[in-house]
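Student: For reference, the structure I am asking about is given below.
The values are calculated or read from the model by the stated rules, or taken from the named source; none is laboratory data. Predicted model only: the values in this text are computed from it and were never measured. Here the Cβ positions follow ideal geometry from the backbone for every residue, glycine too, while neighbour counts run over all protein chains shown.
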Amino acid sequence: MKNTLKKAAVGVLCCAMLFGMTACGQKPKTTQTTVPTLPQQTQSSLAAVQLQGSEELKSILDGIEDNVFPGTAGCTLTAVPYTVQLLDWCKTAGVSESELRTAMTAWLQGKDPEETLRKLELIMDTYDRLMGDTARELLDTAGCQTDSYPWPESCRQVMQTLMEAAGVTQ
């Protein structure tokens, strides 16, 4: 995305210079502009990290689908470790907002929309509690350990994007 923005900025600058010289009756000088790009190996590594991040997200979401049951006794405490996994993933996620939306949309394919929405709403409610003042108490009650607590503010945007893509609203 950075390279695309750089290319677009260079293109706009070149057009502005061309129009400026044409307006003054001067012929534009031909120059070659080079835009630095990432080496192929770095691009491949970045793609691998993004793919790994998407696969980890899918694994966490599969765990939520298989183990979180809203409306059952203790469902909030059961949701805590899965919400913690998701928050820990959010902290280190190396994927863009569009990649988050794409990954969530792909994961949702073939799922029961109502049941999946109920599970993700429970995760979102648990998330709200884990980002609040009673987080430590909830973690202790659920017997859940993480080195990532307290989670950074950046996790909020990642979670918000994921839940919006799933149709969860607050």
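Student: Take Ser98 and decide whether it is polar (S, T, N, Q) and without any contact (Cβ under 8 Å) to a residue 12 or more places away in the chain.
Tutor: yes
Student: Examine region 128-151 for a residue that is modelled with pLDDT of 95 or more, β-branched (Val, Ile, Thr) and surrounded by 19 or more Cβ atoms within 10 Å (Cβ to Cβ), and state whether such a residue exists.
Tutor: No, the conditions are met nowhere in region 128-151.
Student: Next up: When the residues of region 79-95 are filtered to those that are in contact with a helix residue (DSSP H, G or I) (Cβ under 8 Å, 6 or more places away or on another chain) and in contact (Cβ under 8 Å) with a residue 60 or more places away in the chain, which remaining residue is surrounded by the fewest Cβ atoms within 10 Å (Cβ to Cβ)?
Tutor: Lys91
Student: Something else about it: Quick one: which of Lys111, Lys119 is of a type in the set (D, E, K, R), surrounded by 14 or more Cβ atoms within 10 Å (Cβ to Cβ) and part of a loop (DSSP other than H, G, I, E, B)?
Tutor: Going through Lys111, Lys119 in turn, just one is of a type in the set (D, E, K, R), surrounded by 14 or more Cβ atoms within 10 Å (Cβ to Cβ) and part of a loop (DSSP other than H, G, I, E, B): Lys111.
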